[in-house]
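First comes the structure, then the notes that go with it.
The values are calculated or read from the model by the stated rules, or taken from the named source; none is laboratory data. Just so we're clear, the structure is a prediction, and the values are computed from it rather than from any experiment. Positions of Cβ are generated from backbone atoms using ideal geometry, with glycine treated the same way; all protein chains shown enter the neighbour counts. Side chains included, ligands, DNA and RNA excluded: accessible areas come from the protein's heavy atoms. Shrake-Rupley method; radii C 1.70, N 1.55, O 1.52, S 1.80 Å.
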Amino acid sequence: LLDLVDYGETALTTAMQITYQTKQNLCMNLAEYAFSPGVSALAGAWAGRPAVVVAAGPSLGPQLPLLKGAQGKVAILCVGTALKPCLRAGVVPDLVTTIDYSRLSAKYLEGLPGGCAVPLVVDPRGNWQAVEGYPGPKYFLQNPYLDLLLDHALGPAASASLDTGGTVAHLTYSLACLMGADPVIFVGLDL
């Protein structure tokens, strides 16, 4: 019974902290959300073209030379934590994704090589510092809360809602599906 109470207290505390940080991120990302394209602009962009979803698991390292050789032949969609390892190996992804609400996610997108213009697909609940500091173009997932705030000022957002599934790799797979990629191959996704 005490374990159940401890679990409940931890879950409640975590939910309260995440809720505050998520609302802060939404507010801080509001301007970029309002004036950046939504992911619906990417719908069907790679119809029938193979795509690789690149995650940052331990198995990624040995696959980087293969990814470098595949550039231009497949769409490479990379999670934020795998971006720097890809760039160091000479692999320039077609898109990078992030959904993480915490400040930690910004470190994976900071200090990128000059001229890095890989488009970023972001959930507006994602860390605002990561979004603000990112040098490339940005595409946003739809957020009903922000759409409600912006409806009267800018009209409804022309964006799509994607299933994030709780992990950035899941979001990246959903993005590949929205873009019409077929087949979708996973690299570095060590679950």
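Projecting the Cα atoms of 162, 133, 28 onto the charge dipole of the chain (Cβ charges, centred on the Cα centre) puts 133 farthest toward the positive pole. If you find the alpha carbon centre of the stretch 69-118 and of the stretch 6-60, how far apart are they in angstrom? Between the Cα centre of the stretch 69-118 and that of the stretch 6-60, the gap is 15 Å. For the stretch 32-116, what relative contact order do you get, as a whole percent, if you take Cα pairs closer than 8 Å and at least 6 residues apart? Relative contact order for the stretch 32-116 comes out at 25 percent.
With a ≥ b ≥ c the root eigenvalues of the C-alpha gyration tensor of the chain, is it rounded (a/c under 1.5), prolate (a/b larger than b/c) or oblate? Don't skip to the end; give the middle numbers.
Numbers: a/c = 1.72, a/b = 1.25, b/c = 1.38.
In terms of gyration-tensor shape, oblate.
For the chain, adding -39500 (n - 2.57) for each run of n ≥ 4 DSSP H residues and dividing by the number of residues yields -14000 deg cm²/dmol at 222 nm.
Which value, in debye to the nearest 20, describes the size of the charge dipole of the stretch 33-191 about its Cα centre when Lys and Arg Cβ atoms bear +1, Asp and Glu Cβ atoms bear -1, and nothing else is charged?
Values: 9 positive and 10 negative charges, 103 e Å.
Dipole about the Cα centre, nearest 20: 500 debye.
Residue 60 sits among other residues whose Cβ lies under 12 Å from its own Cβ, and their net charge, with Lys and Arg +1 and Asp and Glu -1, is +1. Note: relative contact order over the chain, using C-alpha pairs below 8 Å and six or more positions apart, is 32 percent. Sequence-distant contacts, meaning Cα pairs under 8 Å at least 6 residues apart, place the relative contact order of the stretch 62-159 at 21 percent.
What angle, in degrees between 0 and 90 and rounded to the nearest 10, separates the Cα long axis of helix 2-35 from the longest principal axis of the Cα atoms of the chain? Roughly 70 degrees between the two axes.
Relative to the dominant Cα principal axis of the chain, helix 60-70 is inclined by about 50°.
For the stretch 91-191, what class follows from the C-alpha gyration tensor (a ≥ b ≥ c being the square roots of its eigenvalues): rounded when a/c is under 1.5, otherwise prolate if a/b is larger than b/c, else oblate?
On the way: a/c = 1.66, a/b = 1.21, b/c = 1.37.
Taking the square roots of the gyration eigenvalues as a ≥ b ≥ c, the stretch 91-191 is oblate.
Under 5 Å from the amide H of residue 97 lie the amide H atoms of 78, 79, 80, 121, each residue being 5 or more positions distant or on a separate chain, with H modelled from the backbone and absent for Pro and chain starts. What lysines sit close enough to residue 73 to cross-link, taking a C-alpha to C-alpha distance under 26 Å and skipping anything fewer than 8 places away on the same chain? Filter leaves 84, 138. Simple spin-label estimate for residue 7 and residue 103 gives 3.2 nm between the two label positions (7 Å along the Cα-to-Cβ direction from each Cα). For the stretch 72-122, the set of trypsin sites (Lys or Arg not before Pro) satisfying both a DSSP loop assignment and a count of at most 11 other C-beta atoms within 10 Å is given as 73.
Excluding ligands, DNA and RNA, the accessible surface per residue across the chain is 51 Å² with a 1.4 Å probe. To put it simply, the accessible area of the chain at a 1.4 Å probe is 61 percent carbon and sulfur.
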